[in-house]
Amino acid sequence: MIQPARQDQEIERCFPVMRQLRPHLRSETFVAAVRAQMAEGYQLAYLQEDGAVACVAGFRLQRTLVAGRSLYVDDLATDETTRSRGHGAAMMAWLRQLAIAEGCGEIHLDSGVQRHRAHRFYLNRNMDIVAHHFSEQLKHD
């Protein structure tokens, strides 16, 4: 069953799986970081298997000039010990249904160029590669 993480305990339970995708994260600051993003529209959902968090997704409902109303997936991770059991597919289907229910015309996400298995996963879910994402590291004095 997929459900939103709304309570601090639920957010905290998502940390071990999220850290597999985002290894720079620290447990002691994770809930506060998620709460800060939630104040800006971020939502976190999780899927449990046998009482343990097996898959997480962080996402936003947004409106842009290029896409209109859309759902943007910031983070999608399945626990490495439970991969290939359909959890990622179930989460993507849940996100798709949520996007439709919220009047979104598109789902978007970025994926690191080195994540070939993830790219196959997304392509197998009828997603297309439609852009290049550019980034610049800013230096602060």
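Data table
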{"read-out": "Loop-exposed GluC sites (Glu not before Pro) per DSSP, neighbour cap 15 Cβ within 10 angstrom, longest uninterrupted part of the chain", "value": "41-101"}
{"read-out": "Accessible area (Å², 1.4 Å probe, nearest 10) - residue 75", "value": "20"}
{"read-out": "Kyte-Doolittle at least 1.0, axis length at least 15 Å by Cα - qualifying DSSP helices, the chain", "value": "none"}
{"read-out": "Å² per residue, accessible surface of region 1-132 at 1.4 Å", "value": "61"}
{"read-out": "Hydrodynamic radius of region 1-125 per Kirkwood, over alpha carbon pairs, in Å", "value": "14.9"}
{"read-out": "With every protein chain in place, region 1-101: carbon and sulfur % of accessible area (1.4 Å)", "value": "50"}
{"read-out": "Shape call, region 1-55: gyration tensor on alpha carbons, a/c limit 1.5", "value": "oblate"}
{"read-out": "Tensor-based shape of region 63-141 (alpha-carbon gyration tensor, a/c under 1.5 rounded, otherwise prolate or oblate)", "value": "oblate"}
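The values are calculated or read from the model by the stated rules, or taken from the named source; none is laboratory data. Quantities reported herein were computed from a predicted structural model and do not represent experimental measurements. Quick reminder, even Gly has a Cβ in these numbers, built from the backbone with ideal geometry, and neighbours come from all protein chains shown. All accessible areas refer to the heavy atoms of the entire protein, side chains included, with ligands and DNA or RNA removed. Shrake-Rupley method; radii C 1.70, N 1.55, O 1.52, S 1.80 Å.
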